[in-house]
Structures are given as structure tokens and as C-alpha cells.
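The values are calculated or read from the model by the stated rules, or taken from the named source; none is laboratory data. Because the structure is a prediction, the values reported are computed rather than measured. We place every Cβ from the backbone using ideal geometry, glycine too, and count neighbours over all the protein chains shown. Keep in mind that these areas ignore ligands, DNA and RNA; they rest on the heavy atoms of the full protein, side chains included. Shrake-Rupley method; radii C 1.70, N 1.55, O 1.52, S 1.80 Å.
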Amino acid sequence: MNGEPAIGHSLVRDLVPFRGRRAANLVPRKLASGPMPWVIAIMIALTVMAAAAGLALGNLADRARADLSGALTVQIVEANAEMRAAQAQRAAELLRADKAVAGLRVIPQDELAELLAPWIGAGGGGGDGGFDAVPIPALIDVQLSTLADTAEIARLNAMLVSEIPGARVDAQSDWLRPVYDALAALQYLALALIALLALTSAGAVWLAARSSFANHRKTVEIVHLLGGTDRQIAQVFQRSVTIDAMVGGVIGLALGALAVWLIGGQFAAIDSGMVAGGNLRRLDWLVLAAIPLAGVLLAMLTARITVMSALRRML
Amino acid sequence: MTHGAGEIVTFDNVGLRYGTEPEVLRDLAFTLFAGRFYFLTGASGAGKTSLLKLLYLAQRPSRGAIRMFGNDMITLPRDRLPMFRRKLGVVFQDFRLIEHLSAFDNVALPLRLAGVRESELVRPVSEMLEWVGLAKRMDGVPATMSGGEQQRVAIARAVIGRPDLLIADEPTGNVDPDMALKLLQLFERLNRLGTTVIVATHDIHLLRQVPDSLIMRLQKGSLLDPTGALRFPPRLAPRASERGSEA
């Protein structure tokens, strides 16, 4: 032993943060070591896929609603074909005169016959079946300049029925109500899946933080006795879990986004009806990109609560 | 019991039991005065380590009152304990070094916890390790060190922050007589700078090395104080330095 130790120095004593490299060494770790980053990666990937499905279903329903929000179908139910045609023309005149109607199209009989052919057979004369054998209502496709709400439908219905007793007005969206309900149910399912995945992720972090705390209990006790505060100690564990969560989040986002992109490509190739409306928009991709951030925040919060509650049981 | 100036620790009718076991410490009533040097002696099992645990705030007593630095430690909220622990330097009997940290990082830890900048702690930590003869072992981890070396790291860690109260549990148990003397000189030097020192030891030779020291003798959990020096108001003999100045 030689020289003079600097014990005469006056040292700062304050409850300051204990972060970064100073704190890093207290809980030794290697990057992406242990199962934690991989568990988080799987959870994030599944969450990204569930969220993408929910967003796509939402887009699909929104697109269908927008297309059909002002659309009506007017049926003219009349057994006599000539009278039916005349009533259809009169109904079209009445509707064109209404300021709420932006446009309409009387569906030609040929087109109706073609639409119904798979169910009632091809058209043609005679009474042995086909289009001519069944009194099919005349149809008018109406597009309103306003929303086709219940009051508007009732008003138009009353106007038409006063002159044409066999007229009946329906919102086209009514036909798709069961589909909307099914889409909404699937969206709720996606939300429930996301909530379950978040809960499972929090549970995994809780277990990992508890295990890490138990493994380093001796170190924690020493740091406590040297004047370390609960916050300082919690930050050390929080930092470790945050790094794991960030690594897992990046891997999970990459896996999830790749899966969504591949599946999206498959659906885009269908290019048919409602399915085409289910594409993800730019904002949707931003929402998906934010999922790992939410995962990291959740992991940090869970680790902090876990460690702080364990520390409170110590003196 | 009132608390006057110069009193750093006051125990009043303190008892300690673990669980439902009989009391390991009974009716402890004493005062530690700022700037004094105390030896705590007693046979194995007398309760020395339990008493030290109360002093370094690792344990709350089962009964009685403890005041430290003018504060009631029994009612003190848990979140205020760290501020008081930072006024203490503790040499644990089992060293309690952090196994995966180097000697340097172990000694630097109290300073880092207290918020000392890295640039400001390198010199004092290096000098302290040099002074305890571990200049060449700064990067070594405890597992690669002998018991004596680990003990010196533990002592360096305890004194690096210039504590108000230094508590040492058998600090010279694993070092050779020369090193023991050197360490005791370090404690004395700290004591002269104003740190109150309490050393638990079996080593009767150490007691003679610090002539101004006061002896606290524990016997089966009770404190023997035949001279009354540990009571309040104390019957203290003047320190050697004080006798010199009077002369």
C-alpha cells in the first residue's frame, strides 16, 4: 500500500437517476439472450397480423358502406308484365322529379333474366319454366344525393305507393346488414385477440422480470444497503427488459409485416367485389408499425411494476 | 430519552427477535457520539452482527426506539432510508461484493449511486484501490481474488464515500497483521476527519491500537457498559488529542 487515498473528497449525495452505462453492468446480459426477445417477437408478430386483419375488415366494411350509403332499390311487384313495365316507367319519372335522387337506372328485363338464370333457368317462351314463367318484379337502381336513412326511404316509399301500390323501396345496405354484422364480429374477434396477446405478453414479461429479480436478488440487496433507491434498482431491470422488448419488437414487426404483405398480395390478386376494398392504407401500416412501440412500453411498465412491488417487500 | 448535539445514534430499550425465536438482542440502550471510535466485542453468537444490522438499516428492531442522525428510524418511511444508508459505510463480514463487477466497479458503486460523475470518480477509486494494495487488481472480479483481497475491496467500497458512520464487521479477519494495521490506520484517519467508526472484532490486539476507542461488549444479547461511556449523558474520558491540547 502506498500513496494517499482520496477519502477527504467531499462527495455528492443525492437521489439522482442511475442510468445508462453506469447501471448497465449491475444486471449482466447479452443481446437477445434467453427466450424473452423471441417470446416478445412471436407476440408482436401475432399482434401485427391480428391488427392487420382487423384494419382490413374495417376498411372493407367502410368501403361497402360508402358505396351503398345512398343506394336504394325500388321493386315494382305486379303480375302483369305490361302493367309492370308501365308502373316501372312511372316510378322512374316520379323519382327523377325528386330532388333527393341523384340518378337512377331501370334494370332491363334481359339483365334481370341473366342475373336470375342460375336459379330459375334460362328465359324463353312457354310456361314450362324460366324467366317468363315467374312474375319477377321490375327493379330500379336509385342513387340518392343524401344518405339512404329510414326517414328518406319511408318518404320515397310513401310517394311511390300513393300512385303505384305495388312499389316497394329498400336500402341496398339492408341486404348487406348480415355481412356487416359478420365483419363487425370478426373485428371484435381481432380486438379480443390483440387484448389477449397483450395480456400474455405482459404475463411473459412479469415472469421474466420476477425470474431476473430472483437471480439478482443478492445484487439488489447490496445495492439497497449501499443506498440505492427502489427507482434506481427498478430502472436497471427496466432497461434490461426494454432492450429485450426492442429486439423482440423489431423481429416481430418484420415477421408480422411480411406475413401481412404476402397475404395481402393473395387477396389483391382476387380483385373481386368487397374483397378488393380490404386493402391496408398508409395510416394502417403506421398503426402496425406502432405495435412494437406499444409492446416495448407495455414491457417496460410491466417490468417496473413487477420489480417495484418486489422491492417494496424488502426493507 | 432526549437527543442532544453530537449524538449520531441512540438506541433506547431496543430488542430484536427473528420470527418467534427468543430475543437475540435485549434492552439495548446506548448512544454513539459523532467522531468517536468504538469497538464492538463479544463471543460468537453474542449478537454483534444483529446489532450491526440494526445500525446499517438492514433490519428493524422488534421493540424499542432507534434514532440516527436526528431522525426516528422506526417511523421513518421506507423511501427515505436510502438517504440515511448513504451516510453509512459498511464492511460486511461476508464482504458482499457484486460477483460480476470488477474491483474498480465495486468500489465505484456507492459513488455512482450517489450521482458522482464518471470523470470525478476515476481518481478517488483508483487511489483508494492503490492504497489498499490492489492497484494491479482493479479489473479483477471477486471470484479471482483471495479472501484478503476481497476484504480490502469491501473496505475500500465502505470508505470511498467518506461516510458519517463507518460500520465494520470483522474487517481484519482475513488479512495479515501488517494489512490489518494499515486498515486500522485508514479507519483512524477517517475517524480524525469526523467519521464515527464502529468495528466489530474478536481481535484483542486491535483494541490496543486505538487508545481513544470505546469498547461495547455484548454478552448474550445484552450490552455491558461498566464505565457508563455508552449511556446518555456519557461518562467519557477525554480523547488523547484533547488531553494534549489541555496540557
Sequence neighbours fewer than 8 away in the same chain don't count; with that in mind, list the aspartates and glutamates whose C-alpha is under 19 Å from A:LYS218. A:ASP230, B:ASP94, B:GLU99, B:ASP105, B:ASP169
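Is it possible to state the helix-based mean residue ellipticity at 222 nm for chain B, with each DSSP H run of 4+ residues giving -39500 (n - 2.57), the sum divided by total residues, to the nearest 500 deg cm²/dmol? What is it?
Numbers: 8 runs with 80 residues, N = 247.
My calculation for chain B gives -9500 deg cm²/dmol from helical runs alone.
Tell me, what % of the accessible area of the protein assembly as shown is carbon and sulfur with a 1.4 angstrom probe? Numbers along the way, then the final one.
Details: 16040 of 27360 Å².
Accessible surface attributable to carbon and sulfur in the protein assembly as shown totals 59 percent.
Under the definition of partner shielding as Cβ atoms of other protein chains within 10 Å of a residue Cβ, what is the mean value for peptide B:56-66?
Details: counts 1, 4, 5, 1, 1, 0, 0, 0, 0, 0, 0.
Mean partner-chain Cβ count within 10 Å for B:56-66: 1.
Where both partners of a DSSP beta bridge lie in the protein assembly as shown, what percent of those bridges are antiparallel, to the nearest 5? Don't skip to the end; give the middle numbers.
On the way: 32 of 50 bridges.
Given both bridge residues lie in the protein assembly as shown, the antiparallel proportion sits at roughly 65 percent.
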What does the accessible area per residue of the stretch B:26-115 come to in Å², with a 1.4 Å probe and no ligands, DNA or RNA counted? 32 Å²
Chain pair B, A: how much accessible area is buried, both chains summed, with a 1.4 Å probe, in Å² to 100? 4100 Å²
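Would you mind working out the magnitude of the charge dipole of the protein assembly as shown relative to its Cα centre, with +1 at each Lys and Arg C-beta and -1 at each Asp and Glu C-beta, to the nearest 20 Debye? Show your work: numbers first, answer last.
On the way: 58 positive and 52 negative charges, 730 e Å.
Using only the charged Cβ atoms, the result is roughly 3500 debye.
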Compare the peptides A:46-53, A:88-95 by average per-residue count of other Cβ atoms within 10 angstrom and give them in order, highest first. A:46-53, A:88-95
In Å and whole numbers, how far do the C-alpha atoms of chain B stretch along each principal axis, longest first? 50, 48, 33
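By per-residue mean of other Cβ atoms within 10 Å, what is the highest-first order of A:171-184, B:84-97? Could the numbers behind the result be given before it?
Details: A:171-184: 14.9, B:84-97: 21.3.
Going from most to least packed, we get B:84-97, A:171-184.
Rounded to the nearest whole Å³, what is the per residue volume of the convex hull around the Cα atoms of the protein assembly as shown?
Numbers: hull volume 135.7 nm³, N = 562.
Looking at the protein assembly as shown, the number lands at 241 Å³ per residue.
Take each of the peptides B:165-171, B:212-218, average the number of other beta-carbon atoms within 10 Å over its residues, and list them starting from the highest.
B:165-171, B:212-218
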Other protein chain Cβ atoms within 10 Å, averaged over every residue that makes up B:80-86: 6
How many Cβ atoms of partner chains, on average, are near each residue of B:97-109 if near means within 10 Å of its Cβ? 3
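Considering only Cα-Cα distances, which of the following residue pairs are longer than 25 Å: B:LYS87/B:LYS182; B:LYS87/B:LYS136; B:LYS48/B:LYS87?
Violating the 25 Å limit, Cα to Cα: B:LYS87/B:LYS136.
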Here the relative contact order (percent) of chain B, from C-alpha pairs under 8 Å and at least 6 apart, is 28 percent
